[in-house]
1. Within region 34-49, track down each residue that is surrounded by 14 or more Cβ atoms within 10 Å (Cβ to Cβ) and assigned to a helix (DSSP H, G or I).
2. If I ask for residues that are under 25 Å from residue 80 (Cα atoms) and of a type in the set (Phe, Trp, Tyr), which ones from region 161-204 would you list?
3. Go through region 183-208 and give me each residue that's loosely packed, with under 12 Cβ neighbours inside 10 Å and more than 20 Å from residue 237 (Cα to Cα).
4. Conditions: (1) hydrophobic (A, V, I, L, M, F, W, C); (2) in the same structural domain as residue 49 (by TED's automatic domain parsing); (3) out of contact with any helix residue (DSSP H, G or I) (no Cβ under 6 Å at 6 or more places or on another chain). Residue 107 meets all but one. Number of the miss?
5. On the given criteria, is residue 137 modelled with pLDDT under 85 and of a type in the set (Gly, Ala, Ser)?
6. In region 179-225, how many are outside any helix (DSSP H, G or I) and within 30 Å of residue 77 (Cα to Cα)?
7. In region 153-171, what residues are outside any loop (DSSP other than H, G, I, E, B) and crowded, with 16+ Cβ neighbours inside 10 Å?
8. Which residue, of 239, 210, 206, 181, is under 17 Å from residue 99 (Cβ atoms) and either at pLDDT 90 or above or of a type in the set (Val, Ile, Thr) (or both)?
Amino acid sequence: MGCRVAVICLAVLIAGIIPPSAARAATKSFRLEAPDMLVESGLLRFLLPRFTLKHGIRIEIVKEGAPSDARLSANAEGTPVFEGPEQTWSLSLTDTDNAYADTFADWLTGDVGRNTVDAFEVNGRALFSAALEKPKADESVILPGNEVAGEKLAEIHCGRCHMVNEATRLTTVGSTPSFAVMRGFTDWQTRFEAFFVLNPHPSFTVIDGVTEPFDETRPSPMVPVTITIDELEAILAFVSRMEPADLGAPIQYQ
């Protein structure tokens with residue numbers, strides 16, 4: 001009996017000292033900031049359980065201004081994801097290192113997410129639509145470099161986690177965003193140019209002449225990504241010529 005009580009007390013103590021961020025990570029969840037009017041519309045109650053069922057990631061809705069990992073707002077900040085009523089809603093990632101929020105962004109801008117938004121109705125009337133006008137391709141930033149070599153390098157070094165192209169579709173980690181989705185972010189160039197300082201990359205990435213070598217007593221937890229500045233420039237050249245993920249109208253089924 002005494003041993004059982006001790007185990008219970010220890011469990012309570014551990015639960016009390018685990019920070020909320022660790023608890024969220026353990027349960028695969030993230031915080032989504034959304035205004036009251038969007039919550040009260042019922043769209044999120046319709047949308048989010050379907051995402052959770054697909055990916056096993058729980059979303060905690062928080063009020064405007066509260067700490068969050070992603071934000072839905074009726075302004076130009078972020079990636080436009082749906083319209084209605086009489087305004088365009090955008091999704092922005094307030095924590096760019098949160099893989100679960102990245103997965104939600106990928107889902108919401110994909111065919112399944114857009115079709116789910118279009119399926120939501122109140123009294124038989126659709127209030128929201130994912131049939132946004134397709135943004136014009138960004139042709140203003142074409143970075144110099146060998147884009148053919150860059151694609152091959154991206155397959156080798158990045159394809160084990162990210163979907164770089166069709167050749168890497170089946171070799172990726174499901175919680176990481178594809179190159180095409182990230183290419184659609186407004187800050188895509190900054191993300192790719194400085195990827196090696198964004199978590200979790202510093203723990204396994206070495207850029208010759210830029211980053212410090214790993215401490216021999218604290219080696220990389222996985223096979224390191226080791227590239228040169230020239231190779232990084234080739235990858236950037238490839239990404240700059242990539243077509244961003246299509247956020248236009250969903251596929252129409254007959």
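The values are calculated or read from the model by the stated rules, or taken from the named source; none is laboratory data. It should be emphasised that the depicted structure is a prediction, and the values quoted were computed from it without experimental measurement. When we count neighbours, we look across all protein chains shown, and the Cβ atoms used for this are built from the backbone with ideal geometry, even at glycine.
1. If the condition is that a residue be surrounded by 14 or more Cβ atoms within 10 Å (Cβ to Cβ) and assigned to a helix (DSSP H, G or I), then 38, 39, 43, 44, 46, 47, 48 are the ones that fit.
2. Once the filter is applied, which keeps residues that are under 25 Å from residue 80 (Cα atoms) and of a type in the set (Phe, Trp, Tyr), region 161-204 yields 179, 185, 188, 192, 195.
3. Of everything in region 183-208, just one residue is loosely packed, with under 12 Cβ neighbours inside 10 Å and more than 20 Å from residue 237 (Cα to Cα), namely 199.
4. (3)
5. Values: modelled with pLDDT under 85: yes; of a type in the set (Gly, Ala, Ser): yes.
Taking the combined requirement at face value, the residue satisfies it.
6. Of region 179-225, the ones outside any helix (DSSP H, G or I) are 184-187, 194, 198-200, 204-225.
Cutting the leftovers down to within 30 Å of residue 77 (Cα to Cα) gives us 184-187, 194, 198-200.
Number satisfying all stated conditions: 8.
7. At the first step, the residues of region 153-171 found to be outside any loop (DSSP other than H, G, I, E, B) are 153-157, 166-168.
Scanning region 153-171 gives 153, 154, 155, 157, 168.
8. The conditions single out 181.
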